Amino acid sequence: MSVHVAVCGPGNASPQEAEAAEQIGMLLAEGGAVVVCGGLGGVMDAAARGARSAGGTVVGILPGDSPAGASEHLTVAIPTGLGEARNALIALAADALIAVGGEFGTLSEIALALKMGKPVVGLNTWELVRGGQTVQAIERADTAEQAVKVALKAAGAD
């Protein structure tokens, strides 16, 4: 059975974030992983595009109650009608999560994944601080390649 890796990040991604997400999606697909994302634009669309370009499977867990506005690169689009609460489903469906950049939605996905005991890899994403002390819960990556390597290993990929 293949591993599922969520790729999370802003719906309005910078060119650098989109480029990294596309490369992450492609490398995950080449590594045999199913890519899970929020199914919309920005980092989500870029990761889906990368995965599909490599022949991979991409599952988009959508906030609305229809597939309208979903990335054209999804293999499967799942409308939930849950709005941002769908972030819990993204975290639950993943064996590991890669956060690329991110806004508050990404932060919620990171927090939910960590709460569920899922490994989180960050590429230029949030820093977690509690009581003025950095919390070392996110595995840091400097490149898309490193993020994928760490996530696949943490997810239990062969």
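The values are calculated or read from the model by the stated rules, or taken from the named source; none is laboratory data. These numbers were taken from a predicted model, which means no experiment stands behind them. A quick note on method: Cβ atoms are made from the backbone with ideal geometry, for glycine too, and the neighbour counts reach across all protein chains shown.
Overview of results
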item	result
Region 17-40: number of residues that are closer than 20 Å to residue 126 by Cβ and not in a helix (DSSP H, G or I)	4
Within region 50-108, considering residues that are charged (D, E, K, R) and over 23 Å from residue 16 (Cα atoms), the one surrounded by the most Cβ atoms within 10 Å (Cβ to Cβ)	86
Meets criteria (assigned to a strand (DSSP E or B), modelled with pLDDT of 95 or more, touching a Ser or Thr at 6+ places or on another chain (Cβ under 7 Å) and not acidic (Asp, Glu)) for residue 60	yes
Matching residues in region 79-97 - criterion: being assigned to a loop (DSSP other than H, G, I, E, B), small (Gly, Ala, Ser) and out of contact with any His (no Cβ under 6 Å at 6 or more places or on another chain)	81
Criterion (farther than 22 Å from residue 54 by Cα and out of contact with any His (no Cβ under 6 Å at 6 or more places or on another chain)) met by exactly one of 150, 76, 100, 129	129
Residue among 125, 143, 134 that is surrounded by 14 or more Cβ atoms within 10 Å (Cβ to Cβ) and among the hydroxyl-bearing types (Ser, Thr, Tyr)	125
Condition broken by residue 81, with the remaining ones in (1) closer than 17 Å to residue 109 by Cβ; (2) without any contact (Cβ under 8 Å) to a residue 24 or more places away in the chain satisfied	(1)
Residues (in contact with a strand residue (DSSP E or B) (Cβ under 8 Å, 6 or more places away or on another chain), without any contact (Cβ under 8 Å) to a residue 40 or more places away in the chain and either of a type outside the set (A, V, I, L, M, F, W, C) or buried (at least 24 other Cβ atoms within 10 Å of the Cβ) (or both)) located in region 35-49	35, 39, 44, 48
Residue that is farthest from residue 41 (Cα to Cα), among those in region 123-140 that are in contact (Cβ under 8 Å) with a residue 24 or more places away in the chain and of a type outside the set (Ser, Thr, Tyr)	138
Region 109-147, subset among the polar types (S, T, N, Q) and over 15 Å from residue 7 (Cβ atoms), residue nearest to the chain's Cα centre (by Cα)	136
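Residues are listed down the side, and each one gets a yes or a no for (1) in contact with a Cys (Cβ under 6 Å, 6 or more places away or on another chain); (2) more than 18 Å from residue 9 (Cβ to Cβ); (3) of a type in the set (Gly, Ala, Ser):
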site	(1), (2), (3)
109	yes, no, no
128	no, no, no
135	no, yes, no
139	no, no, no
143	no, no, no
149	no, yes, no
153	no, yes, no
158	no, yes, no
